[in-house]
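Below is one structure, written out as structure tokens; the observations come after it.
A short reminder: the numbers here are calculations on the coordinates, not readings from a lab. This is a predicted model, so every value here is computed, not measured. All Cβ positions, even for glycine, are placed from backbone atoms using ideal geometry, and neighbour counts span all protein chains on display.
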Amino acid sequence: MTNKEYDNYLLKSLIEGDSSGIVEIYKRIYPKVLRYVCSHDGAEDDAKDVMQKALLLLSTRAQQKEFSITTSFEGYFFTTCKNVWRREVKQSRTRVTNDKVIDLIHEEREIALAAYEQEKWVLFQEKINQISENCRKVLKLFFNKLPYSKIADELGYATENTVRQRVFKCKSKLKEAIRSDVRYKELKEL
Amino acid sequence: MSYLEKEIEAYLNGEMTLDQRKIFEKKVADDSEVKKELELYIEMNTIYDETDWEVTSSAIQHPKVLQHETFLKSDKGKSIKKSIANAEKVYFDKEKSNRRKQYFLRYAISIAAVLILGIYITSKFGTTMDHNNLYMKHKNWEELPSLTSRGNNTDLTKGEKMFKQQNYQEAVKIFKKHQLESSEDINPQIVVYVGVAYLELEQHKLAIESFEQLKESNTLDATKAYWYLALTYLKMNQESKAKENLQILAGDTTAYKHQEALELIKALQ
């Protein structure tokens, strides 16, 4: 089996619910997920939970006809797991900071929402990769909360103000790219 | 760059006064386009932040979410969920048994290693013990000819006395001094005493030197050297060299300690 064929086999197993193929996914990716979760404030049980949720989530998304993976299955699935864990962390943080009891949504809805968020996330990643390399660099630093002065140092801009203007312009371009994509409209419409 | 974009930026960066904020928020509430624009900016801020995640509990009614939910609740969705649970079980059971296997393997290897080491040590130790026992059994310094009988030389008497008291260090010193002062070429009996003293002092190299000296000496006692060398090598746990010397004695019925040499060879086998 070539890599591509193997990747297709793994995805197909997930779409059809073939346990033996899913075991293969576990073999290849679970150790990485465990390592990732454990190095990001999680424990072994969290890693198992993330793995299950991510598998079900990806299977759900992949039921749609238009779904496709252009990168390797392993990379794509691992990213899904990372995002699931980030979601878990964010939610537990919100639960801790909010005094009021948040109604626990049933699992199907939880996965459905997570799948929807994941789709939006994928679209946004696609879009940031479509703008110019320079804009992408500036924005990635900006969105990850690096101060303007640091961005100036990192990318060799003369002043903070130049960076500010650059960020503003690039954001505007990126926003346009997202808004003009049909998929964004689909995701936003109610 | 539109004016609206600047406003949004200022709003999100907290660069507006309280009044400005109120005016802007009203604008957002009244104009759905402005609202959408602001939302997108907020989405970008969250989605592109690698440490954050946009949780959209407000999208419950979105057709896509409903579609996903319907699928998950369907028979197919449920069967896939079951398959995943099943795969998890298979994977972890296998891993557990692998771990157990690995554990057992490691355990087995440890036991084997301990056993092998044990056998090695006991055999090594055992032969050492055997060699030592044989050495102890066959060394018999009582039978060394008395040096006193050879005259009234006080030095030699004193040396022999020291030797018998097992003060080998002192004995060697006295014998060496005597040899230096003596006009005799070589006194084989003194050489034997010196060699044995060194042997007892664990100075095997010097012991061998003495016995080799005896062997090379042109005296009647020269062949006795083979016996002493054999004992020395035995003590040093060098079986083959011990045997070499013993063979010489064994091959000559008239040799010194011929019978004992034969016995010792037999014992070594």
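On a straight-distance basis, which aspartates and glutamates could pair with B:LYS6 in a cross-link, Cα separation under 18 angstrom, same-chain partners fewer than 8 positions away excluded?
Result set, ordered by chain and number: A:GLU160, A:GLU176, B:GLU15, B:ASP19, B:GLU25, B:ASP31, B:GLU33, B:GLU37, B:GLU39, B:GLU43.
Please rank A:ILE128, B:ILE174, fewest neighbouring Cβ atoms within 10 Å first, as an exposure proxy.
A:ILE128, B:ILE174
Any lysines with Cα under 28 Å of the B:LYS177 Cα? List them, leaving off those in the same chain fewer than 8 positions away.
Counting by Cα, and skipping residues close in sequence, B:LYS177 has these lysines nearby: B:LYS139, B:LYS158, B:LYS161, B:LYS164, B:LYS205, B:LYS215, B:LYS224, B:LYS235.
Show which lysines lie in cross-link reach of A:LYS185 when reach means a straight Cα distance below 18 angstrom and same-chain residues fewer than eight apart are skipped.
A:LYS120, A:LYS127, A:LYS173, A:LYS175, B:LYS35, B:LYS36, B:LYS64
For segment A:116-179 and segment A:3-75, what is the centre-to-centre distance using only Cα atoms, to the nearest Å?
Each part reduced to its Cα centre gives a spacing of 30 Å.
Per chain A: cysteines with no other Cys C-beta under 4.7 angstrom?
Unpaired cysteines in chain A: A:CYS38, A:CYS81.
Give me the inter-chain shielding for A:13-20: mean count of other chain Cβ atoms within 10 Å, whole number please.
Rounded to a whole number, the mean comes out at 5.
As I understand it, the value is the acute angle between the Cα axis of helix B:168-181 and the longest principal axis of the Cα atoms of chain B; what does it come to in degrees, rounded to 10?
50 degrees
On a C-alpha basis, how far is the centre of segment B:1-51 from the centre of segment B:175-202 in Å? Whole number, if you could?
After rounding, the separation between the Cα centres reads 108 Å.
Once both axes come from the Cα atoms, what is the angle between helix B:3-12 and the longest principal axis of chain B, in degrees from 0 to 90, rounded to 10?
Approximately 50 degrees, to the nearest 10.
Non-local amide H neighbours of B:SER217 (under 5 Å, H modeled in plane, Pro and chain starts lacking H): which ones?
Result for B:SER217 returns nothing.
Ranking B:HIS138, B:HIS178 by Cβ neighbours within 10 Å, fewest first, what do you get?
Fewest to most other Cβ atoms nearby, the residues stand as B:HIS138, B:HIS178.
Go ahead and estimate [θ] at 222 nm for chain B from helices alone: -39,500 (n - 2.57) per DSSP H run with n ≥ 4, summed, over the residue count, rounded to 500.
Values: 12 runs with 200 residues, N = 269.
Value at 222 nm, helices only, nearest 500: -25000 deg cm²/dmol.
For chain B, what relative contact order do you get, as a whole percent, if you take Cα pairs closer than 8 Å and at least 6 residues apart?
With pairs under 8 Å counted, the relative contact order is 9 percent.
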